[in-house]
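Student: Before we start, here is the structure in question, set down as structure tokens.
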Amino acid sequence: MLQQLGTTQATEGRVLVVDDDGEILSLVAKFLRANGFVVATARNGAEMKAQMQAAQPDLVVLDIMLPGTNGLDLCRSLRAESQVPVVMLTAKGDEIDRIVGLEVGADDYLPKPFNPRELLARIKAVLRRSRSADSAGAPGSGRLIEFDGWHLDTLKRELTDPTGVVVDLSSGEYDLLVTFLEAPQRVLSRDYLLDATKNRTLDVYDRSIDVQVSRLRRKIEAQGELIKTIRGAGYLFAASVRRK
């Protein structure tokens, strides 16, 4: 029987944990509940989709190695219809899975085996970024941002290209774009971008920010280079930015 999120008010938030290992599900669910979260669990893609339809979580913890549809495909499908943050669980030391996980829209990753406290820290960091971005889009705070014909509505978290077409962004891509828009025409180091978009004090995967930049570039640079690579220094957002 599935453990569902229901309508209980959570102190920290509502988390859906998807893993086919019953021992891990039980351990993670118990630990997160003890730390103020309402937790639902699922063992495969079908159960995950049922849980998403029953109650929208604030965050999904998603294992890559699942029976049937794997976690990467589930993340890709989820990202096509939702901006809910995703923390992926990957095989220890599997660099390819980590890269692909970021490319399909995951916001963070954690290799197995992991310490539940580290998972808790990463969940809280991702939720802080997501909630901070939402609050930054409150009415009267300059929610509309224009650059090079593009428009970003920070209240709706909606990016529109110069032709008026809405472009889907993952939570990580959105956080990165907002970071660039807050400091246009300035060189931002990789460490700064990691701190600004991940807010991690734990070890980070040193190529993750390059993957995020590459994904964002593919979506916004069809008509010209907006994000310039500054060799040995980081990245620079070249367009002029206007906030309304």
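The values are calculated or read from the model by the stated rules, or taken from the named source; none is laboratory data. Please read these numbers as outputs of a predicted model, since none were measured by experiment. Using ideal geometry, Cβ is built from the backbone for each residue, glycine included, and neighbour counts are taken over all protein chains shown. With ligands, DNA and RNA removed, areas are computed over all heavy atoms of the protein, side chains included. Shrake-Rupley method; radii C 1.70, N 1.55, O 1.52, S 1.80 Å.
Student: At 1.4 Å probe radius, can you tell me the per residue accessible area of the chain in Å²?
Tutor: 48 Å²
Student: A further question follows. Compute the distance in nm between two label points, each set 7 Å from the Cα along the Cα-to-Cβ direction, one at Ala46 and one at Val167.
Tutor: Those two pseudo-labels are separated by 3.9 nm.
Student: Give me Rg over Rh for the chain, both radii from the alpha carbons and Rh done the Kirkwood way, two decimal places.
Tutor: Here Rg/Rh amounts to 0.97.
Student: Next question. Can you give the Kirkwood hydrodynamic radius of region 144-243 from its Cα pairs, in Å with one decimal?
Tutor: Hydrodynamic radius (Kirkwood, Cα pairs) of region 144-243 is 13.8 Å.
Student: Here is a follow-up. Carbon and sulfur together cover what percent of the accessible area of region 144-243 at a 1.4 Å probe radius?
Tutor: The computed percentage sits at 46.
Student: Sequence-distant or interchain residues sharing an amide H contact under 5 Å with Leu59, placed H: which?
Tutor: Answer set, sorted by chain and number: Arg14, Leu16.
Student: Rg to Rh for region 13-136: what is it, with Cα atoms only and Rh by Kirkwood?
Tutor: 0.92
Student: Could you pull out the chymotrypsin sites (Phe, Trp or Tyr not before Pro) across region 19-111 that fall in loop regions by DSSP (anything but H, G, I, E, B) with no more than 11 other Cβ atoms inside 10 Å?
Tutor: none
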